[in-house]
Each structure stands twice: as C-alpha cells, then as structure tokens.
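Every number here is computed from the coordinates shown, using simple stated rules; none is lab data. All of these numbers come straight from a predicted model, not from anything done at the bench. All Cβ positions, even for glycine, are placed from backbone atoms using ideal geometry, and neighbour counts span all protein chains on display.
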C-alpha cells in the first residue's frame, strides 16, 4: 500500500479512513443497488459524487458480490468514445484476474478482438485499440451489454457526468442506452451528473426515454460538525493540531463544497509542522499558494474567452451569486453592453460549464476560479 504523506486526499479514493461521513448516502446507495434499482446522483461539481461511488464500491457487501465499473464521460463527444471508455474500463478491471477472464471478454466482445495484444516486454495483456478501430459503435455496445449480462457475478456500472450524452454527435444515444439498460437483469447502473436542470429533465420528463426508470439522490454538503471531527482527527493522528474556528472559516468560505475544502486542508496540513498548531494566520497563505498553482490554468481559460463573455464572467464572479444579470441595474453596475449581448454571453459560459444556473441565479462553477477573478479583476 502506498505511503500517505498527506491525509487530505484530493485525487482519487484511498480507503474509508480518509473518507469523511456520507454514512446516510452510502447506506442509501448500497440499499438501492443491492435491491436491483438503478440510481441517479445529482450534485454540483466537486461535491463528492465520485468519492461516494468509489466508497460504496469499497464496501464488503459490494466488492465481495459484484463486479464494479466506473467511467467518467465528461470529455467524450460521441457514442464511439463512450463505447471505447466502457470497453477499456471493463478490460482493465478484468486484466488482474488472468487470461481466462480476458479470453472470455474478447469471445463475447468480438468486435474488439483485434485490440487484444500482449506487451512484448512484460507479456502483460494490453488493450491496444484506438477510436478508429471501433467501426460500429452500437454493435460493440450490444456486445458489451451481452458480456455484462453473462458475467458470473452481477455488475454495477457507474457513469459520471452522464448529462454529456445529450451533447453527442448522435442524437439517439439516450434512447439507445435506455433500451439496453431496461433489458438488463445482471447489471445495475449509477448515473451521476453535475448539471441539475439537464439531469432532472432527462429523468423526470415524460417525453424522455429514462423517465421514471431510476431512484433519485441529490448530494448536498457534508455537515460542518462531521467535517470538523474528520479534520481534527486527521491532524491529531499526525501529531498536529488545528483551530476549530479555522475549520469553520474554510468550510463556510467554500460553502461546504467537498473538493475545495479538502484542497485547503491539504495545503494547511503542509504548512503545519509536527507538534504545531494550524491557526487562522495560515488561511491566507494557503489560499494564495493554491491560487498560484492554478494561475496558469485560469489565465489560459480566461484568455480564450470572447470579450463579452469575459465581462459577464467577471461580473458574476464579483457578485458571487448573481441575480437579474440581464436587468438594467446589473448591466449599469458592471458597465456591460445590452441585455441581448449579456444573454448571448451567458449561453456561451453555460455551454463551457464556466457558469452554473439555479433558477434565476448564476455563479462561477469553479469556486477557485471565482476567487481568482475577484483578486485579479
């Protein structure tokens, strides 16, 4: 097992020891899946959907009795890319089990057989296939579902950022997947998404293929009391201490968003020596260090935006939670152009996932980007 130098994990899932709370959500998700229900998990980005799913997969009642697969399709743009991601994930999970399992995989998913190779140096099986090798995505998808249905244990497939299928080049992917999912007896599905209005419409609209086919879960912030106990424990275990008030301030500053809080405590942990107290004097230093690490990325993102989108993004960043962005009052306050140009800029920012919308309220999707904009503009 890898040595954990910093107990505040910001990339991936390690074990329950480094995972905060989510006891109710874990029990709910496991209960749904083990009773044959497909589940939708909705939350804003970086609230901990992936961590929750990985945590559930780690539990004995799941890992002992199910095959589990997880794909993030945020960067995919077509059914072919979706099929590639799912096929590769299944292959990688089977690889440690040996050649018998791999041979069976390719005997069912015959359209990917050409991609099966043995590494010339290590002799390890590899998935040597490119997107161009998938000639009939729907056929390969049929084979993948057939494989899942024939597996010797039930399967759980988690698909993160599921709303992305609505942006695929093919416009019938929703219907294709719904047809295949509804005929599964040996496989259960977790659909996770961060764009609430799209996900709700996808699963709650009578006109959509997935209507009333799932149990819905909405992931909210971990309670401050639970997070406080978690942070104090990890500091104490490593011979460090932390001020309670600092935990409160970090939690409230990031409004309970799990990933940002973890990142801050990861940095605060670095700044605190053994036997020392982590106090509020370190908060500004930690935030500055994090923003410096992100500075190049944010400059690059910002530089690529059209001028009108930059202006609206800065305005929303300054407001933090912006209401009435096309109103005369808002436009005058931030010296914007016309309501129609603001509306057009908003559309572009929403499509780029730089801004999120809840009812008539807009905010920067990446909270650190919002802080960066406030400090620089």
Counting other beta carbons within 10 Å of each residue's own, what order do 184, 20, 155 fall into, fewest first? 184, 155, 20
Please give the contour-minus-distance gain from residue 281 to residue 61: 0.36 nm per residue of separation, less the Cα-Cα distance, rounded to one decimal in nm. 74.8 nm
Using eta = 1.002 mPa s and T = 20 °C, Stokes-Einstein with Kirkwood Rh from Cα pairs puts D for the chain, in µm² s⁻¹, at 93
Taking the Cα atoms only, what angle lies between the long axis of helix 173-182 and the longest principal axis of the chain, rounded to 10 degrees? 60
DSSP beta bridge pairing in the stretch 22-218, given as percent antiparallel to the nearest 5: 15
Any idea what the relative contact order of the chain is, in percent, if you count C-alpha pairs under 8 Å spaced at least 6 apart? 18
Could you work out how far helix 137-150 tilts from the main Cα principal axis of the chain, as a 0 to 90 degree angle to the nearest 10? 70
I'd like the FRET efficiency for residue 288 and residue 333, computed as 1/(1 + (r/R0)^6) with the beta carbon distance as r and R0 of 25 Å, rounded to 0.05. 0.35
Restricting to Cα atoms and excluding each atom paired with itself, what does the Kirkwood estimate give for the stretch 267-327 in Å? 14.4
Would you mind pulling out the separation of the Cα centroids of the stretch 5-84 and the stretch 220-278, in Å? 23
Ranked by Cβ crowding within 10 angstrom, fewest neighbours first, how are 371, 108, 355, 121 ordered? 121, 108, 371, 355
Along its three principal axes, how long is the stretch 200-256 when you only count alpha carbons? Whole Å, largest extent first please. 56, 22, 13
Stokes-Einstein D for the stretch 22-218 at 37 °C, 0.692 mPa s, Kirkwood Rh over Cα pairs, in µm²/s? 189
Using a simple spin-label model with points 7 Å from Cα along the Cα→Cβ vector, what separation in nm is obtained for residue 237 and residue 299? 3.8
Potential lengthening between residue 93 and residue 320 on full extension [0.36 nm per residue; Cα-Cα distance subtracted]: 77.5 nm
Sort 311, 161 by Cβ crowding within 10 Å, fewest neighbours at the top. 311, 161
Roughly how tilted is helix 23-34, in degrees to the nearest 10 and between 0 and 90, from the longest Cα axis of the chain? 20
Measuring from label point to label point, each 7 Å out along Cα→Cβ, what is the residue 146 to residue 18 span in nm? 4.1
For the residue pair residue 307 and residue 72, what label-to-label distance in nm results when each label sits 7 Å from Cα along the Cα-to-beta-carbon direction? 3.6
Given the alpha-carbon gyration tensor of the stretch 224-295, what are the semi-axes of its equivalent ellipsoid in whole angstrom, ordered largest first, with each equal to the square root of 5 times an eigenvalue? 18, 15, 10
